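Beneath this line is the structure, given in structure tokens, with notes to follow.
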Amino acid sequence: MNLRGSSSIPKMAEEISKSELRSSAAATSTPSSSTTAKSRWSWPSVLRWIPTSTNHIIAAEKRLLSIIKTPYVQEQVNIGSSPPGSKIRWFRSSSDEPRFINTVTFDSKEDSPTLIMVHGYGASQGFFFRNFDALASRFRVIAIDQLGCGGSSRPDFTCKSTEETEAWFIDSFEEWRKAKNLSNFILLGHSLGGYVAAKYALKHPEHVQHLILVGPAGFSAQSDAKSEWITKFRATWKGAILNHLWESNFTPQKIIRGLGPWGPDLVRKYTNARFGAYSSGSVLTTEESSLLTDYVYHTLAAKASGELCLKYIFAFGAFARMPLLHRFDDPTQS
């Protein structure tokens, strides 16, 4: 294995209603995605406080990826249900329904090396949409939504420790790999996806030909920081409040859900800023920005699941509780 480094409510209701119609049409052509939809989301979007559903996510994904020139196949890969005697936290649930990993595979030339892409926190595979065409010209690109994220299944998050949380992502990815019968691939992870990819490669090095980490999170611990700014900030009233929210697992997604029909406006402002004024490359076109905003909203507003990993993997200030650098120093650590 090699390592390399605001709108009015009437206007919004009209927009949501149009989105609902497009989503319903798209969902009829993707029956597999309906297996993960919840019956409690069966009301029309305009009558829901949080106007989203699993079908909305898949439909928004289709609209975003319609920009891509390279043909692709979208599928919900079954990674199984609770095996007898399983101690894997992500299998624990009040039901024995199978879990699914949302997967897109792009057409490639014969014998092209396989590149698997793993997204970061609060994201999903569609965030890579501007990279797919270029990468697919040289690789067999497969991008996934991690368990509990994007259009993948969102089981109740029952992990209570860093070890269990890592297993949630690593072991579900391994079940996905088995279902796809993949080996000897290039594994690329971005941000939190880099953390997961690195931990997976340490546990299953026999399957990873190359590991590529793009802006990976989780390399350093708070004790590795050269300054004491986080300790001093915690001592302030603002820091104490933020630290309490962090340890209470208050995620940014909860704000989006709490805003209900105003949520899309906040997401629109975020995407315009993050991928517009503060973008280091070419800014998004009007069409790209609109499609990405719609996609991001639905992935963030959906049921809380994988997002709840945050406080178990990172301490306040985004310092890893079990840093990657320590693991690479001693790969035998569990």
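Here are the numbers:
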{"item": "Unique residue being within 17 Å of Ile212 (Cα to Cα), in a helix (DSSP H, G or I) and open to solvent by less than 20 Å² (accessible area, probe 1.4 Å) when the list is Ile170, Ile142", "result": "Ile170"}
{"item": "Identity of the residue in the range 145-167, among the hydroxyl-bearing types (Ser, Thr, Tyr) and in a loop (DSSP other than H, G, I, E, B), that ends up nearest to the chain's Cα centre (by Cα)", "result": "Ser152"}
{"item": "Which numbered condition Phe157 fails, given (1) closer than 24 Å to Ser108 by Cβ; (2) crowded, with 21+ Cβ neighbours inside 10 Å", "result": "(1)"}
{"item": "Which listed residue, of Gly218, Gly193, is part of a loop (DSSP other than H, G, I, E, B) and crowded, with 16+ Cβ neighbours inside 10 Å", "result": "Gly218"}
{"item": "Positions within the range 285-314 being in contact with a Lys or Arg (Cβ under 9 Å, 6 or more places away or on another chain), surrounded by fewer than 18 Cβ atoms within 10 Å (Cβ to Cβ) and not in a helix (DSSP H, G or I), in sequence order", "result": "Ala304"}
{"item": "Residue among Glu228, Glu206 that is at pLDDT 95 or above and open to solvent by 80 Å² or more (accessible area, probe 1.4 Å)", "result": "Glu206"}
{"item": "So Ile212, is it β-branched (Val, Ile, Thr), open to solvent by less than 20 Å² (accessible area, probe 1.4 Å) and more than 19 Å from Phe316 (Cβ to Cβ)", "result": "no"}
{"item": "The range 123-139: number of residues that are closer than 15 Å to Ile212 by Cβ and open to solvent by 60 Å² or more (accessible area, probe 1.4 Å)", "result": "3"}
{"item": "The lone exception for Ser280 - which of (1) part of a helix (DSSP H, G or I); (2) open to solvent by 70 Å² or more (accessible area, probe 1.4 Å); (3) more than 25 Å from Ile230 (Cα to Cα); (4) modelled with pLDDT under 80 it fails", "result": "(1)"}
{"item": "Test: residue in the range 113-121 that is under 19 Å from Phe185 (Cβ atoms) and open to solvent by 20 Å² or more (accessible area, probe 1.4 Å)", "result": "yes"}
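The values are calculated or read from the model by the stated rules, or taken from the named source; none is laboratory data. Just so you know, these numbers come straight off a predicted model, no measurement behind them. All Cβ positions, even for glycine, are placed from backbone atoms using ideal geometry, and neighbour counts span all protein chains on display. Ligands, DNA and RNA are stripped out before the accessible areas are found, and what is left, the full protein with its side chains, is counted by its heavy atoms. Shrake-Rupley method; radii C 1.70, N 1.55, O 1.52, S 1.80 Å.
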